[in-house]
Amino acid sequence: MAVGEAGAALEAVTRLEQEFRRRADRGAALPGIWDAFLGLLHRRGYRVSTEAERRDALEEIRQTGAGFDLYDLAEGLARYDTTARECRNAVAYPLFPPLLIFARPCGCGGHERKLT
C-alpha cells in the first residue's frame, strides 16, 4: 500500500466484506494485509516497530476519528473482521486484534456483537 492508497484500500476491503456477506464461502484470511497496513502507518510517520508503538499509533488514529483515511481504513478492516467472526463464522478469533478498538456492531443486524 502506497501512501495515497488508504482510500482505495478501504474501498477494496468494503467490497470484500460485502461479497463475503453475500456469498457462502468461508475464506476470511487476508494474507499480508496486517503487514501492509503497518507499512502504510510507518510511511505516514507513525512508529509501529513495537507492540506499544502500534497501540499508541492506533489510539492516536482512533482519537482523530472518522473522516481521517487511516481511521476509516482501520474501521473497515475491523468491520471485515466482525463479518468474518460473527456473520460467516469463518474464524473463531479476531483477524486483527489491535483493531478491535475500531470495531462496531455487525451491520447485518442478525445477532448481537460478541468480541473475544
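Relative to the present Cα-Cα distance, how much length would full extension add between A66 and A36 at 0.36 nm per residue of separation? Let's see the in-between values first.
Working: separation 30, 0.36 × 30 = 10.80 nm, distance 2.07 nm.
Extra length from A66 to A36 when fully extended: 8.7 nm.
Filter the trypsin sites (Lys or Arg not before Pro) in segment 33-110 down to the DSSP loop ones having no more than 12 other Cβ atoms within 10 Å, then list what survives. Walk me through the intermediate numbers first.
Working: sites: R43, R44, R47, R54, R55, R62, R79, R85, R88; in loops: R44, R47, R88.
In loop regions of segment 33-110 (DSSP not H, G, I, E or B), the sparsely surrounded trypsin sites (Lys or Arg not before Pro) are R47.
Give me I61, I33, I101 sorted ascending by neighbouring Cβ count inside 10 Å, so fewest comes first. If you can, show how the numbers build up before the last one.
Working: I61 22, I33 18, I101 14.
The order, fewest Cβ neighbours first, is I101, I33, I61.
Laboratory data are not the source of any read-out in this text; all were calculated from the coordinates shown. Bear in mind the structure is a predicted one, so any value in this text is a computation, not a measurement. Methodologically, a virtual Cβ is constructed for each residue, glycine included, from the backbone with ideal geometry; neighbour enumeration extends over all protein chains shown.
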